[in-house]
Ligand code: PMP
């Protein structure tokens, strides 16, 4: 509801207390990465101050402490996404590594006759690994042509066939903020016996996620976009789906027994976690889950959507502005301006302390579909205020006026 108070949440984010140049910092690049609350920072520092050791050794006091905190963090994340069983969360360094783990891991299951299905709204991270997999195997990469408002027509169901091996689809577009009908996508995939991977990178900070309700085979996301640290992310998988993956990285931790002739791999989740893991990252991510759960997620989402809608309504009647994100139910606004370079607008906003992102948002094919080389994106988080949304929109109008004069 509108009773939500971003000012008290802001107090938890030390980085927001500083100026940018001589202005107040207005951080609206949250779809790229969010800022971190004190409890995440303290969790990381606390780990190094009281528990640092290598994990899974059972060798000494600190090692046991680190191992138990590390495994507790895994359970926190499993509960956060409602994983049906323990051990279904694999730590990765982010969404990108999680998708690559699946794209390499299923290669041995792919035949040249098979098809790999993605949507036309994907980030390069959920496109290039599938394209490269298709190059390596001869399988055909097919693209479901979603409209830029996230709609698909009934005939798109024809993309699903008994040749479809895996369907990979984003839950929310990072570039234009629309939500895709992932429940429908998952259902169509299941009807033809295909595996499913949902890219939750842009959803996880905003929407309650239940992987058991979604019933997808894989769900992936990054810690840094949900108030957690960089360098940590999650590959959730159903147990049989994870078991079907060949480890693309081998080495220590992921083995039970090694001879020169052969290696016996460890059980899940360790089998897919070669090498010393990012322990402090896992702990920081668990602290971020706690942070999100301690606030009313529904109220936060409504607030973020109201900020994007406010910016939208200030900008929608300016003739030269084309807005690509939906007015309602989006936590970001993404737009282009006729006869004006995105990067000039980006630069002007930056000079006023307003952090936004201008560019192609790692989605070149989607930009081609929209007929632009890039967009300007302001993306909102729990700590953003209504004043910030208005300040962004009004400063953008000022920039357009100035830039179009000369
Ligand atoms: N998918 C989507 C939808 C994203 O927004 C991003 C990050 N911009 C990624 C994948 C890649 O995430 P990361 O760079 O953290 O691996």
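Quick note: the coordinates plus some simple rules give every number you see, no bench work behind them. These numbers come from a predicted model, not from an experiment. Neighbour counts run over all protein chains shown; Cβ positions are idealised from the backbone, glycine included.
Miscellaneous remarks
- Additional length obtainable on full extension of the chain from residue 240 to residue 390, 0.36 nm per residue less Cα span: 49.1 nm
- Viscosity 0.692 mPa s, 37 °C: Kirkwood-radius Stokes-Einstein D of the range 233-278 over Cα pairs, µm²/s: 293
- With Cα atoms, 0 to 90° folded angle of helix 128-137 axis to the chain main axis: 40
- Seen through its C-alpha gyration tensor, with square-root eigenvalues sorted a ≥ b ≥ c, the range 75-175 comes out oblate because a/c lies at 1.5 or above while a/b is not bigger than b/c.
- Tensor-based shape of the chain (alpha-carbon gyration tensor, a/c under 1.5 rounded, otherwise prolate or oblate): oblate
- As a proxy for reagent exposure, ranking 79, 377, 43 by other Cβ atoms within 10 Å from fewest up yields 79, 43, 377.
- Our helix-only sum for the chain, with -39,500 (n - 2.57) per DSSP H run of n ≥ 4 divided by its residues, gives a mean residue ellipticity at 222 nm of -11500 deg cm²/dmol.
- Exposure proxy ranking for 313, 244, 148, based on other Cβ atoms within 10 angstrom of each Cβ and starting from the fewest, stands as 313, 244, 148.
- Between the range 58-117 and the range 11-42, the alpha-carbon centres lie 29 Å apart.
- The fewest-to-most ranking of 387, 71, 22, 122 by surrounding Cβ atoms within 10 Å reads 22, 387, 71, 122.
- Euclidean distance of C-alpha centroids, the range 190-253 and the range 271-315, integer Å: 15
- Separation in nanometres of the label points that stand 7 Å from Cα toward Cβ, at residue 207 and residue 62: 4.3
- Shape call, the range 267-366: gyration tensor on alpha carbons, a/c limit 1.5: prolate
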